[in-house]
1. As a test of understanding, state the convex hull volume per residue of segment 87-152 from its alpha carbons, in Å³.
2. Just to verify a number: what accessible area does His123 come out at with the full protein assembly present, 1.4 Å probe, Å² rounded to tens?
3. How large is log10 of I(q)/I(0) for segment 83-212 at q = 0.12, 0.20, 0.23 Å⁻¹ when the intensity is taken from the Debye formula with one equal scatterer per alpha-carbon?
4. Could you work out the relative contact order of the chain, using alpha carbon pairs under 8 angstrom and six or more residues apart, expressed as a whole percent?
5. With 10 Å bins from zero, work out the P(r) of segment 139-245 over every alpha carbon pair and list the percent per bin.
6. In the chain, how many lysine pairs have Cα atoms under 22 Å apart, counting only pairs 8 or more places apart or on different chains?
7. First measure r as the distance between the Cβ atoms of Asp150 and Arg95, then evaluate 1/(1 + (r/R0)^6) with R0 = 30 Å and state the FRET efficiency to the nearest 0.05.
8. Given R₀ = 30 Å, FRET efficiency for Tyr110-Arg83 by Cβ-Cβ distance, to 0.05?
Amino acid sequence: MRVAFKAAVVIGAACLIASAATAGSASAQAQQDRPLVTQDVFKSVTVLRDIPVDTFFDAMGMFANAMGNDCTFCHSPKAALDRAMFAEVTPRMQRARQMIAMMQTINKTYFGGTPRVTCFTCHHGNQSPRSDPNLALQYSTPDEDPNARDFTTDATIAADRIFDMYLQAVGGADRLARLTSFSARGTYAGFDTLFEKVPVEIFAKAPAQYSTVVHMSGGNSVRTFNGTGGWMAGPDTPLPLVMLTSGNLDRARLEALVAFPAGIRQAYPHWRVGRAVLNDEEVVVIQGIDDERQPVANLYFAPSGMLVRLVRWTLTPVGFVPTQIDYSDFRDVAGVKVPFHRTVSQTFMQMNVELTDVQPNISLDAGTFAKPATVAAK
């Protein structure tokens, strides 16, 4: 079942990206100074309107995850080969619109509009919600998810102490201060390359600028954050150029901060601490809480003090949707521990980056992190 679900998500992600081409005006607006919203791009959208395109794809990922299927489960199966067919309204699309309305009514009526009930609440990866009790769940060992947004706080652990241990484990404040930039080379593999490894370059500059360039056969795929704004562009993106917003923009900021972590404890105004088990090892979880008192990010620290996982949730009209980044294979670069392996998991994609070479303290100009030029898919 897990193998089938993984394949379904891969297929679904490819279909989701293809579907963005259904709007003829998208290319003309690709160099926008404001984020495009759903009705700018997807002319058949009637419910999930007025949300940025990057958030819309998080919402689509929620459906794929909750239903355990790809996008053609709701859309016409013909859409797999004909992008225009994504605009064809199917009975399941109509049903999904009803379900969204029901979910929003429940949350508005009973939870003050907060997304307490989502697609996943009932479906849990199944096409149909299960209504009868499951005795195996009742009498077996609970399957605890370390990525929970709601966990028991451990008042015996101070966030500052964990951050101090982390900075010391990475290399210490002095060495961190001397690492001001780096470039890296390696390989990238994801659903958009059919999991074949292709070359990748990474550029980073303190305190929080980060750019990834994947060299695909159809052109370069670029993700970049310049310290305040972020974008992604390439043959694998839903539009030629996508402006990052909300949780996706903040995740780009966090990724940049992890590269130069001296300022990571200032990432959020509030923190709370708990414990979890990750890969059969107890870890400390520090949760970042934003100005609106929403828990939006979990940072997972191993007993060694190293940051081994980062989870950032994006709020969508259908609930909070996570992006998970796992860090491993830490190696010394100018006295600082740098993760040479990174896995990014989202509800609509998964990818791996393996570095082979990192060059510290190189000269990088502002153009390295500027809004990327668009690339048309071949």
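1. Working: hull volume 10.1 nm³, N = 66.
It is 153 Å³ per residue.
2. Spelled out: His123, probe radius 1.4 Å, area about 30 Å².
3. These q points yield log10 I(q)/I(0) values of -1.04, -1.18, -1.33.
4. Working: 756 pairs, mean separation 74.9, N = 378.
Normalised by residue count, the contact order of the chain is 20 percent.
5. Percent of Cα pairs in each bin: 11, 26, 27, 27, 9, 0.
6. Working: Lys6/Lys78; Lys6/Lys197; Lys43/Lys78; Lys78/Lys378; Lys197/Lys378; Lys205/Lys337; Lys205/Lys371.
So the count of such lysine pairs works out to 7.
7. Working: r = 29 Å, r/R0 = 0.98.
E between Asp150 and Arg95, to the nearest 0.05, is 0.55.
8. Working: r = 39 Å, r/R0 = 1.30.
After rounding to 0.05, the efficiency reads 0.15.
The values are calculated or read from the model by the stated rules, or taken from the named source; none is laboratory data. This structure is a prediction, so every number in the text was calculated from the model and none was measured. Quick reminder, even Gly has a Cβ in these numbers, built from the backbone with ideal geometry, and neighbours come from all protein chains shown. Accessible surface areas use protein heavy atoms only, side chains included; no ligands, DNA or RNA. Shrake-Rupley method; radii C 1.70, N 1.55, O 1.52, S 1.80 Å.
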